[in-house]
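In what follows, a single structure is set out as C-alpha cells and then discussed.
The values are calculated or read from the model by the stated rules, or taken from the named source; none is laboratory data. Values in this document were obtained by computation on a predicted structure and should not be read as measured data. Note that each Cβ is placed from the backbone with ideal geometry, even for glycine, and that neighbours are counted across all protein chains shown. In case anyone asks, the SASA skips ligands and DNA or RNA and just uses the protein heavy atoms, side chains included. Shrake-Rupley method; radii C 1.70, N 1.55, O 1.52, S 1.80 Å.
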Amino acid sequence: MRRTLTVTGLGVAAVGVALTAGQAPAGRSQAQPTFRMGVNFVEVDAVVTDGTGQFLRGLTADDFEVFENGAPQDLSVFSLVDIPVESDDRPLYRAAPVASDVLSNAAGNTGRVYFLLLDDLHVSPQRTVQTRQMALRFVDRYLGANDLAAVIHVGQSGANQGFTISKPLLRRSISQFMGRKLPSRTLNKLADARQQSDAAPPPPDGTDMGDTTFALGPLVDPDAPIRLEYANQMLNTMEDLSRYVSRMQGRRKAFVLFTEGIDYDMEAPLYDSFSGLTAGTEVSSIHGSMRAMLETTMRSNVSIYPVDPRGLGHEMEGIVRIGSLPTNYGYPDGTDPLPRYGLADIVRGLGDELDGSLDSMRTLASETGGFAAINTNSFDRPFQRIVEANSSYYLLGYYPTSATADGSFRRVRVEVKRPGARVSARRGYFAPRTQDEMLRRPESTVAAVREVAASPAESRGLSMRVVPQLLRAPSGMARVHLTLELGPDDLPFREENGIFTNDLLLVWEAVDADGQVRASETRRATMRLRAAAHDRARSAGVNAIAEFDVPAGRYQLRVAALEELGGRSGSVVGDIDVPRFRTATLEMSSLVLSAPSEQFGFAASPGAGALARLLPAPPTARREFTHADRLAVYAEIYDNDARPHTVDLTVRVTADDGREVFAEADERDARELVGVAYSHLVTLPLDQFRPGRYVLTVTARSRLGTEVKRETVFTVR
C-alpha cells in the first residue's frame, strides 16, 4: 500500500503585489554551479580523504576521473563545497538566539540539508524516549545555524515539520515521536506454537504415550501482512522524499534515518550491493520498493545514514521475553519430548531477524554513499561524521555519453590521481525510463517560477528577503502582510526611450499542517522606471508588498520571484504560526518596522498598501539601519477579555551586552481595547544608539495575568 506523503509547504503563489524601489542591504555572495534542466544530468558527490582520514582539499577537476559502466566521462561541473558550521548568533546576554522574523535566501545562510526521518514503524515502543533523545541530540549539538532541516514521521504525517532553520520547531516535531514496531515475528511464532501445544488433545485412557504423537502445524506470524505494509511504507516514504528534493541541484541531501531496520522475513537476502539487480528485477515486494526508492534517491543525489537506536547488547533482548517453551508433544517412541520449535530454533530466528534488519540498513547506506551507525552506544562520532561528510566534498557533474533512456542501472566509479587518496561516492544511478523525462523543461516563465517555488529549500539566483507580518483581518481571519525586497545586483533593465523596463513574476503560497493550500496566487509586476527610480533600484533594489487572509493555524510560507529579462529566479521558505486574534484573551500582531530611507513606488493590487498608510514610511524587511534613520515600530494589541482591567504596554531596546538603551511604557483601559485593535506606534532615535546589535521587545501585560511579547533584532551601523 502506498502512503500519501504530507510535507508542509510544497508549493507557492501570490496575492496582491505592490512594487517599489527601495533600499536593500548588501549581502555576501557566493558563486554557485549552474545546471541545465533535465534528468540526464548526473551529480556525484565525492568525499576524498588522505591516509589519516582528513578531507583532502586543493584538488582540481584534472585530479578526478569518472567512469560510467567503465566508460570515461567528461566533467561539465566541478566545485569544491566547503560549508562552515555556524553557531547560533545570539545576543551576549541571552541564553538562546532571538528568532529572526526575516526569511532570506542570502548566500551566507546556505548550509547542509537534512531530513531527520523518524521511522516509528520500525522502532520499538520501549525505545521511544531513547530515539527522541538521539534526534534531539543531533539537532542541539550537530545542526548548525546555517543548516536546513525537516522532521518526517514515517507513520504519523501530522507530526511532520517542513524545512526550517528553527530548532524549536524541529524539537516540537521530534517530541511527538512514538515507536510502533510490531512484536518479533519469531516470538509471534513461539506464541502460535504454545497455543497449538496447549490445544493438543490428551492421550486416550490406557494408551501409552509412545503410541501417540502430536506434531505442530505450520507456525504463523499473524502480523506478517502488516509487517509487509510497514516495510513498503517506509521505503515509499523515502522515495517520495527523494523525489521532493530532486529540484535541489548542486546540494547534497542527507537522510538521517532513525530506524531498527526493515522488519520482514525476506524470501531472498538484500545483497551487499543492491546494484547487482538488473532493471525490472523484483525478488519480492520489498525488493521492488527498495529498487524504486534507490532509483529516485540516486537520481536526486541523496545519501542515507541509518542510525540504530538499539545500540549494543540488544542481541539477547528477545531471549529474555521467551517465557516457557511448549512441551505438550513428543516423538512416537515416547522418548525425548524435546519440542520441535525449541530454544535453538528461537535463537536462530531472533538472530535472522537481527541480521536482516542490519543488512537492510547497510544496503540503504552503501548504495547511496552514506554509512550506517549500528552496533554502538556512542553516537557522537557517527553524528560528527555525518556533519563532516555533508560539509566538505567535491561536486562532480556530467552528461553521460550514453543517453539511452532504458531505466537500467549505471555503475559510477570515481578515481583520484593522488597517491594514498581514498574516495567515497555513490556506486551509481538508475537511468530515466523515457526520453521525455530526460528532456523535461518548463514550458513558460510562469511554469519556470513555479518550478522554483516547488523546490523544498530556498533558491538563490535572485536574492530575496521577506518579512511576513501577522495582523487581525476585518473578515475575522488573520491577515498576512508580506514585505519583499529583491537585491539590486540581480536585476537587469532594458532601456526604451529613457524608461527602464523588466517584469517580475511573483508567487506566494501558504500551506497548512495537513498539506492543504490555504492561500495561493501568481502575479506579474511590470516595472517601468524613469531614470531616478532606476538609479534607486540599481543601488538599493526593488520592494514588493502583498496581503492575503488565512484562518488561525500553522503554515509554511513560500515566496518565489523571477525576473524575465535575465531569467534569474529565487525563493524563500519559512514557517508562520498565526494566532487566534479574535478569541485569545490577549494577543499582539507582529512587529512592523519602517524607516524614512525606505523608498516606495506604486501598488499593483488594491489594499496592499493599507498598512503603509499607518506608518511614517512603508514597512521594511531590512534589519540594519544608519544613525540617520528614525526607526518606527508598529504593533496592534487585541484584547478579547470583557472584564474590567488595565493593559500595560512596554517597549524596550537592549544592547548586545544587556544594557537597556531605550524604554517606554504606556497603559490602556480594557474599554479602549475590547472589540477594536489598539495601534501602538513608537519611534526610536537611532542617532542616540551606538553602532552594534540590539534586541527590540514589545510586551503587553494584562493585570488579570495574561502577557504577550514580540521580539526582533536589528543593527545600527
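The table for this structure:
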{"item": "Unmet criterion (only one of (1) at pLDDT 95 or above; (2) part of a helix (DSSP H, G or I); (3) open to solvent by 10 Å² or more (accessible area, probe 1.4 Å)) for R141", "result": "(1)"}
{"item": "Of the criteria (1) in contact with a Pro (Cβ under 6 Å, 6 or more places away or on another chain); (2) open to solvent by 10 Å² or more (accessible area, probe 1.4 Å); (3) at pLDDT below 85, which one R568 fails", "result": "(1)"}
{"item": "Filter pass, T620 being surrounded by fewer than 21 Cβ atoms within 10 Å (Cβ to Cβ) and either at pLDDT below 90 or hydroxyl-bearing (S, T, Y) (or both)", "result": "no"}
{"item": "Qualifying residue in the range 203-218 (condition: of a type in the set (G, A, S) and at pLDDT 90 or above)", "result": "no"}
{"item": "Options L136, L80; residue that is of a type outside the set (F, W, Y) and either modelled with pLDDT of 95 or more or assigned to a helix (DSSP H, G or I) (or both)", "result": "L136"}
{"item": "Unique match (being under 27 Å from A478 (Cβ atoms), touching a Lys or Arg at 6+ places or on another chain (Cβ under 8 Å), in contact (Cβ under 8 Å) with a residue 12 or more places away in the chain and surrounded by 14 or more Cβ atoms within 10 Å (Cβ to Cβ)) among L696, L686", "result": "L696"}
{"item": "Considering residues of the range 264-304 that are closer than 30 Å to E388 by Cα and acidic (D, E) only, the residue modelled with the lowest pLDDT", "result": "D272"}
{"item": "Filter pass, L19 being modelled with pLDDT of 65 or more, surrounded by 13 or more Cβ atoms within 10 Å (Cβ to Cβ) and aliphatic (A, V, I, L, M)", "result": "no"}
{"item": "Residue satisfying condition, being open to solvent by less than 50 Å² (accessible area, probe 1.4 Å) and not in a loop (DSSP other than H, G, I, E, B), within set G407, G397", "result": "G397"}
{"item": "Residues of the range 661-671 satisfying the condition of being under 17 Å from R701 (Cβ atoms) and either in contact with a Gly (Cβ under 8 Å, 6 or more places away or on another chain) or open to solvent by 90 Å² or more (accessible area, probe 1.4 Å) (or both)", "result": "E667"}
{"item": "Exclusive hit being open to solvent by less than 10 Å² (accessible area, probe 1.4 Å), modelled with pLDDT of 85 or more and touching a helix residue (DSSP H, G or I) at 6+ places or on another chain (Cβ under 9 Å), set A560, A546", "result": "A560"}
{"item": "Matching residues in the range 356-377 - criterion: being among the charged types (D, E, K, R) and either outside any loop (DSSP other than H, G, I, E, B) or surrounded by fewer than 20 Cβ atoms within 10 Å (Cβ to Cβ) (or both)", "result": "D359, R362"}
{"item": "Candidate set: the range 464-522, residues that are part of a loop (DSSP other than H, G, I, E, B) and open to solvent by less than 20 Å² (accessible area, probe 1.4 Å); chosen: the one nearest to A584 (Cα to Cα)", "result": "A473"}
{"item": "Hits in the range 515-546 - residues which are within 28 Å of Y244 (Cβ to Cβ) and among the polar types (S, T, N, Q)", "result": "Q516, S520, T522"}
